Structure formats: C-alpha cells, structure tokens
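Contents: one structure, followed by commentary.
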Amino acid sequence: MAAPVKVYGPTLSTAVSRVLACLIEKDVDFQLIPINMSKGEHKKPDFIKMQPFGQVPAFQDESISLFESRAICRYICDKYADKGNKELYGTNPLAKASIDQWLEAEGQSFNPPSGALVFQLAFAPRMKIPQDEGLIKQNQEKLGKVLDVYEKRLGESRFLAGDEFSLADLSHLPNTQYLVAGTDRGELFTSRKNVGRWWSEISSRESWKKVVQMQKSG
Amino acid sequence: MALKLHGSAMSTSTSLVIICLHEKEVDFELVPVDLFAGEQKQPHFLAKNPFGQVPVLEDGDLTLFESRAISAYIAEKFKETGYDLLRHQNLQEAALVKVWMEVESQQFHPAIAPIVYQFYVVPLKGVSPDQAIIDDNLEKLGKVLDIYEARLSSTKYLAGDFYSLADLHHLPYTCYLMKTTAASVINERPHVKAWWEDISCRPVSKKAAEGMTFGEKCTLKIKALLL
C-alpha cells in the first residue's frame, strides 16, 4: 500500500529538500511525486488547488493538504512526535520555544540573503538568467552579518537551539548545501570557526546525506 | 511572576506580541526599549537578542526573541485561557493555522514591510519615499492579495471559518499600511477588505492600534534629533 504521506516537488528545490530531510529524520515513510517546473507543472490548475501560490512543495497526509515547508515540518514533528528523532522539535515547551526562535531567525534573517545568493549563483546560470553583481554583493554582506551572530551563538552552544540537533539547524541545510558545495562562496561558512564546525556536523547526518543523494540521482 | 515584554508599542513586531497576550488574557509588563536612541543595539539588549531587534520576552528563566516564535509560545502555553488562537484540539485546523502563519511570514511580510518602511521610516531620515520601491512591492503584494481574495471567498478567515494566530499576525503592518495611499491594495479586494475590517475591529486589535503611533507624535522629536 502506498504511503499516506505525499510530497510534491523536485528534489533540487531547497524548500522540498527541507521537508524531505524532516521526514527522514522522523522516520516517516513518504512518496515523492516529482513536479517538472521547467514544464510549468507547478502552475497547472491541479497543482494550484494544493498550493495556491504555485510553489513547491505541496504536501498531503491522508486528507490533510498543506504547503509552506516550515509549516509542513512543524506538522510532521507534531503528528509523528513519537517516531524517529524525538528531539527534533523538542520534548518540552522551553526546548520547543528555543527551536521556534531559531527557526524564525532562519526564515527571517538567514533565508532572504542566502536564498538570493543560491538563486544568483546556483540557479541563474542554469536558467541562463544574467547574474546581478549588485544583488550578489549586497546579499553576501547581509549574510555575513547574520553568520557573525551565528558564530558567536555556536561558540556558546553546540547547535543553534541548544545541545541537540533540531528543526532549526535542519532548516538551514538546503541553502547552505548549495552555497558550500555548489558555488565558490562556501568560505562564508567555512572561514568562521564555529559555523564551519556546525555545518560539518549537521551536513554529515545520515538524513541529509540521503537527501543529497536523492538530489544527485533525481 | 509576570511576563516581561521588552519593546515598543509602536513597533510592528512588539505590537504583534501585545495583541497575542491580550487575546490570551495574559498579564505582562511592557519594558520600554528606546528604538530612536538605538537601545536595541546596546550590549545589555544584545545579550537578550543578538540580532538587536525588539521584542524580547522574559518568562522566568526563558528569554525569547522573534515575535512569531514568542506569539506561538504564548498561544501554546496559555492555550486553556482567552481566545483559542491555535485550534490545538483539531489536528487539521491547527495544521492550517501553521500554513497561513508561514504564508504571512514568507509571502505577505516581505512585500508589505518595504512599503511601510518607505512611508514611515525613510522620511525620518530627511529623505523622500522611493516610489519605485513602493510600486514594485505593491505589485508583489497585490499578487499575494489576489490569492488571499480567492481564499477568503471560500473561508471567513485565512485558516478556516475561525479567527486564528494566522490572521492576527497580519494586524500590525496592515494597520500602518491602511493609513497611507497604499491602502487601496486592501480596499480594492472585497473579501480582503471585509476580512481586514473584521480582524481590525476586534476590541484587542483596536486597543493595540491606539499604540501604533509611529510617525505621528515622534516625527517632531526625531527631526529635532536629526538636526
């Protein structure tokens, strides 16, 4: 019988890979249904019914239909609290609050500049879109300032929200993977001692290695 | 021991938390942070939030930043009192609240924030608002609100037929937008307009709006500082 959990989208999408990493950490079976974005499948009516903004991923768990990768991850952690990595979203309210805090920092402060750089440096060349040097410089500076805050934090704490790997760290994996492994700007991370140590640790997790493998073979 | 919220009632992010606290009927102390004097960038504040932004919540030993994380924490901790903002007893409804909270965070906020910044913050530096930035972001916001319009023609509120934290998160920035000529982006869309009128007329929303005076009383004070 097919798994009730379905993820719609290409593995190369940062938001899709965020959800895949979470599902694998939580040991939740799922079906990945590819969406061919170069053919505009994400703008077709059937897809828009699931994701009105025409973006990937879309997600279904039996009769529940969701979108927005961070909301999907939180839902997976709440519904499957007893499966897989039980610490991923904290096992008590204080731990969960700290994880939410850093998940918000990722979404509000880390994602905009890192996402812009991923687009400019990794995707634009593939899509034959000219790169915008001004935007690259601006976002590199912004990202540098955010990583300075992370450098200090990760000198005090093994992971962002505390001593355990959490959804907050996981949420950083997709953009950072592209920047470190797919562009020449990886030193933004690797030149910062604590950030470099943290990146090395979180990217070596089995769940992330599986996602990277899926991206390579997808 | 009462909760302490460090911030400013006129700040959108602080206001978001204030509204949540009031909806949950939770007592708290607002500890003012002087944004115009740059207090949020001083070492004693950076020790609470290394990003140097308001608000920060202190609840006993817990110190929390990021307004959306704070509001989610409050709504969860006090789920048995006040208004049910998270729909915690229904897995499907709770999941949809999370979805539309992320929509505010990832789609709505990035488009509305630069518009409000141009209208309210830029003039304090003695510069005219950049119309190109306003127009560009109004176009983006318009596209997002077209999707809201479709959604709100089938449900009364964003996550369903119930007011939730997802709707609440839209209050502060939209409150400021509605005082500018950009209000048309809301008013032109009948379901969005009706939704806005409903959520902004809640007693708690109206009370918080009274504190959202950025650009009014302060303008003269700031201009004096800048001279």
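Computed values, structure above
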item: Angstrom value of the Kirkwood radius, inverse mean 1/r, which spans all Cα pairs in chain B; result: 18.3 Å
item: Projected label distance in nm at residue A:148 and residue A:135, using a 7 Å step from Cα toward the beta-carbon; result: 2.5 nm
item: Residue-normalised accessible area of region A:8-69, expressed per residue, 1.4 Å probe, Å²; result: 42 Å²
item: Evaluated at q = 0.13, 0.17, 0.19 Å⁻¹: base-10 log I(q)/I(0), Debye formula over Cα of region B:38-144; result: -0.73, -1.02, -1.08
item: Pairwise label distance in nanometres, residue B:193 with residue B:113, each label 7 Å out on the Cα-Cβ vector; result: 2.9 nm
item: Solvent exposure of chain B as accessible area per residue, Å², 1.4 Å probe; result: 44 Å²
item: Among A:16, A:196, A:134 the positive-end extreme of the charge dipole of the protein assembly as shown (Cβ point charges); result: A:134
item: Electrostatic dipole magnitude of chain B [Cβ: Lys, Arg +1; Asp, Glu -1; Cα centre; debye, to 20]; result: 420 debye
item: DSSP H segments from chain A that extend 24 Å or more along their own axis, Cα-based, with Kyte-Doolittle mean of -1.0 or above; result: A:133-156
item: Chain B: DSSP helices with Cα axial extent of at least 27 Å and average Kyte-Doolittle hydropathy no lower than 0.5; result: none
item: Kirkwood Rh, angstrom, chain A [1 / mean 1/r, Cα pairs]; result: 17.9 Å
item: Average beta-carbon neighbours from other chains, 10 Å sphere, peptide B:56-66; result: 3
item: Largest-first principal axis extents, alpha carbons of region A:67-188, Å; result: 47, 32, 22
item: Cα-Cα separations in region A:1-126 greater than 27 Å, expressed as whole percent; result: 22 percent
item: Along principal axes, Cα extents of region B:115-217, largest first, whole Å; result: 45, 30, 18
item: 40 Å tail of the calculated P(r), the protein assembly as shown, as % of Cα pairs; result: 15 percent
item: The protein assembly as shown, dipole about Cα centre (Lys/Arg Cβ +1, Asp/Glu Cβ -1), debye to the nearest 20; result: 860 debye
item: Radius, Kirkwood style, for region B:1-82 when every pair of distinct Cα atoms is counted (Å); result: 12.6 Å
item: Globularity ratio of region A:1-74, using Cα Rg and 2.2 N^0.38 Å; result: 1.01
item: Span from the region A:187-213 Cα centroid across to the region B:25-54 one, whole angstrom; result: 32 Å
item: Neighbouring partner chain Cβ atoms per residue of A:125-136, average, 10 Å criterion; result: 0
item: Local electrostatic count, residue A:88, Cβ distance below 9 Å [Lys/Arg +1, Asp/Glu -1]; result: -1
item: Chains A and B together, accessible area buried on both sides, 1.4 angstrom probe, square angstrom; result: 2600 Å²
item: Three semi-axes of the equivalent ellipsoid, region A:158-218, Cα gyration tensor, whole Å, largest first; result: 19, 16, 8
item: Residue among B:16, B:86, B:35 with the largest mean-square fluctuation in a Gaussian network model of chain B, springs linking Cα atoms under 10 Å; result: B:35
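The values are calculated or read from the model by the stated rules, or taken from the named source; none is laboratory data. These numbers were taken from a predicted model, which means no experiment stands behind them. Cβ atoms come from the backbone with ideal geometry, glycine included; neighbour counts cover every protein chain shown. Note: areas computed on protein heavy atoms with side chains; ligands, DNA, RNA excluded. Shrake-Rupley method; radii C 1.70, N 1.55, O 1.52, S 1.80 Å.
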